[in-house]
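One structure is given below, encoded as structure tokens.
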């Protein structure tokens, strides 16, 4: 298990992280979400042993990062936001160097295996300087993966990549989730919904929420909205709908011959079938129906705005 | 210990991808070659030529060594690659010693230019091998001290030029300390003299291997390497 306990970090007088605590279980892919400057990179740097917290502690599978740095770092693969690389080296030379300072044996086999994972086998002989940003990112990821670390700390792994590269890197990360625990920072919300089991949201150095993406949306909204666009609407329908227990409210908006129905319900119960059978009974023609759970985007805005007001 | 070697090898590799290594080598060959030629034809004594040359090389390296030590840490701070090292399972001590060793190997390579001159002397004259051995030992120690001071300077900044200037100032200070001592008498004089790098090298230059000098140089190097790793830790 990874334990971050009461971590606070000051940069001179500015508090970058404020009394942050959370745990990550083995095998989870966790999204670390927050606006720019929220303290995500600082937290990841502290977890990787790069900077010391002003107070608090971090334990990586039983090893305190600052009391047993060598043992803890051996369990971590860290991809920093800037992805610094020795660009004068070829990809192969670079990975060899990293494998050696990680103290790995069977270096060639290790390198081949990570190169296959991130699809860089074709560029192994090229000087890193000459590679595109997407390939550099993969080389950085490959270096982090060397030695099969139990924990991967990835700081904005898809930033600055083109859409195809983003999809590639995401797929790679998703596949890595099978063998490693991953903490992935991002300010792109789709990224979290696309690959993460759990989300940690921070803002201005404070922990705001920690939960599964679906739970977060449920917890915040408290209710779901079913949105229907129908033809041949008659006012009876609304009354019949309101008789269903789970439905708390129905709003009707008329727009020429089409009518929009907004049906609010408790989130746990499925009401679609009941609603449909009522509409069919009343000969209402259904044009469109969709269930509107809160998107992570909305949740994120709600949470971080709440923070500003407080 | 193996990791120290891999860091050293990386430093050595990276010297030769930049033009600085070749420029330094070229300048050194040019100046030392020219003076060797002058010494051979004017001094005409195989016994004293090498000591003359080494005492000249001491001043040359004083100016040159900042050029090959400035990038050691400053550049890694600038490009951010120091993060790669600091997040790997390797201690700061190993990083610092590895970097020192890489730079020292480069220095040794530069110094190997002098083997050519030695060879010429062996063929045409009869040099004093005892004195020459003392000179080499002393010069390796002097070079190691220069590098260790350069390493400290390089760890203090992200800017290589500032690192080079700082190194030069450090070296000049430890050079001038010997000159300052000439204004004093007794205890104060020997106190200033003790910290003079050149003063300690002078004994080796004369062919004397004294444990005081050995201990002095080794302490300077050890202290500076320790200081550098403390500076790196401080920046956590």
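The values are calculated or read from the model by the stated rules, or taken from the named source; none is laboratory data. This is a predicted model, so every value here is computed, not measured. As a convention, Cβ positions derive from the backbone with ideal geometry for all residues, glycine included, and neighbour counts pool all protein chains shown.
Here are the numbers:
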quantity	calculated
Per-region count, the range A:85-98, residues within 11 Å of another protein chain (Cβ to nearest Cβ), in contact (Cβ under 8 Å) with a residue 40 or more places away in the chain and more than 21 Å from residue A:180 (Cα to Cα)	5
Test: residue in the range A:73-84 that is in a strand (DSSP E or B), within 25 Å of residue A:12 (Cα to Cα), in contact with a strand residue (DSSP E or B) (Cβ under 7 Å, 6 or more places away or on another chain) and more than 9 Å from chain B (Cβ to nearest Cβ)	no
Pair list, Cβ under 9 Å, 6 or more apart: the range A:230-259 residue on the phi < 0 side of the Ramachandran plot and not assigned by TED's automatic domain parsing to the domain that holds residue A:277, other residue surrounded by 15 or more Cβ atoms within 10 Å (Cβ to Cβ) and at pLDDT 85 or above	none
Residues located in the range A:62-72, provided they are away from chain B (no Cβ under 11 Å) and either in contact with a helix residue (DSSP H, G or I) (Cβ under 8 Å, 6 or more places away or on another chain) or outside any loop (DSSP other than H, G, I, E, B) (or both)	A:64
Members of the range A:41-56 found to be more than 10 Å from chain B (Cβ to nearest Cβ), within 20 Å of residue B:232 (Cα to Cα) and not in a helix (DSSP H, G or I), listed by number	A:54, A:55
Conditions (1) modelled with pLDDT under 95; (2) within 25 Å of residue B:97 (Cα to Cα); (3) surrounded by fewer than 20 Cβ atoms within 10 Å (Cβ to Cβ): number failed by residue B:194	(2)
Meets criteria (touching a helix residue (DSSP H, G or I) at 6+ places or on another chain (Cβ under 9 Å) and touching a residue at least 24 places away in the same chain (Cβ under 8 Å)) for residue B:35	no
Selection from the range A:85-96 of residues that are part of a helix (DSSP H, G or I) and surrounded by fewer than 21 Cβ atoms within 10 Å (Cβ to Cβ)	A:92, A:93, A:96
Subset of the range B:6-29 [part of a helix (DSSP H, G or I) and free of Cβ contacts under 8 Å to residues at least 60 places away in the same chain]	B:13, B:14, B:19, B:20, B:22, B:23, B:26, B:27
So residue B:205, is it in contact (Cβ under 8 Å) with a residue 60 or more places away in the chain and closer than 25 Å to residue B:128 by Cβ	yes
Some residue of the range A:285-302 being in contact with a helix residue (DSSP H, G or I) (Cβ under 7 Å, 6 or more places away or on another chain), at pLDDT 85 or above and over 30 Å from residue A:206 (Cβ atoms)	yes
Spans of helices (runs of 4 or more DSSP H) in the range B:30-145 with at least 3 residues surrounded by fewer than 19 Cβ atoms within 10 Å (Cβ to Cβ), more than 24 Å from the chain's Cα centre (by Cα) and away from chain A (no Cβ under 14 Å)	B:113-124
Test: residue in the range A:99-112 that is closer than 19 Å to residue A:154 by Cα and within 13 Å of chain B (Cβ to nearest Cβ)	yes
Counted residues, the range A:4-33 - those being at positive phi and surrounded by 14 or more Cβ atoms within 10 Å (Cβ to Cβ)	1
